[in-house]
1. Treat each spin label as a single point 7 Å out from the Cα along the C-beta direction, and report the residue 100 to residue 65 distance in nm.
2. Can you tell me the length gained on complete extension of the stretch residue 38 to residue 80, counting 0.36 nm per residue apart and subtracting the Cα distance?
3. In whole Hz, with x marking every Gly and Pro, tabulate ³J(HN,Hα) for segment 47-53 from phi via Karplus 6.51 cos²θ - 1.76 cosθ + 1.60, θ = phi - 60°.
4. Tell me which residues come under 5 Å, amide H to amide H, from residue 89 once H is placed; ignore anything under 5 positions away on its chain.
5. Using label points projected 7 Å from each Cα along Cα→Cβ, tell me how many nm separate residue 87 and residue 48, to one decimal.
6. Please list 3J(HN,Hα) in residue order for segment 59-76, calculated via the Karplus relation 6.51 cos²θ - 1.76 cosθ + 1.60 where θ = phi - 60°; whole Hz, with x for glycine and proline.
Amino acid sequence: MKHDATTAARTAAPPSADAREAPKRGGFASVSVPRHLARGAIGFGALAGSLALLPVVGPMSLLLAPVGLIALRGCPMCWTIGLLETVSAGRLRRSCADGRCELTRAGP
């Protein structure tokens with residue numbers, strides 16, 4: 001029997017109630033704002049350190065650059081997008097009707 005994406009989709013278990021009720025976050029969002037800020041401090045610190053330590057340590061300091069990029073989940077702009085997604089998670093709702101989408105604040 002050949003398995004493909006449609007077969008896997010039909011046999012997959014439905015999502016749990018917890019998964020359906022959780023607010024959706026974007027691909028770059030973190031669980032909390034403090035955790036996201038900590039990732040930013042590590043990422044930007046590692047990137048700055050890789051350049052600042054270049055005259056002292058030499059090319060070995062460039063090994064900090066990948067650490068910084070991993071902490072930022074790609075690039076400084078990706079981190080910024082993630083910060084916006086983390087802050088707005090659960091606070092904004094998007095509703096689309098008749099080909100028109102609106103962004104509104106979520107009710108209490």
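1. The answer from the label model is 4.9 nm.
2. 13.8 nm
3. So the Karplus estimates, Gly and Pro as x, are 5, 5, x, 5, 7, 5, 7 Hz.
4. It is none; the list stays empty.
5. Taking the two extended label points, one gets 2.0 nm.
6. x, 4, 5, 5, 5, 6, 4, x, 4, x, 5, 5, 5, 7, 6, x, 8, x
Bear in mind that the values in this text are calculations on the coordinates, not laboratory data. Computed from a predicted structure; not experimentally measured. Quick reminder, even Gly has a Cβ in these numbers, built from the backbone with ideal geometry, and neighbours come from all protein chains shown.
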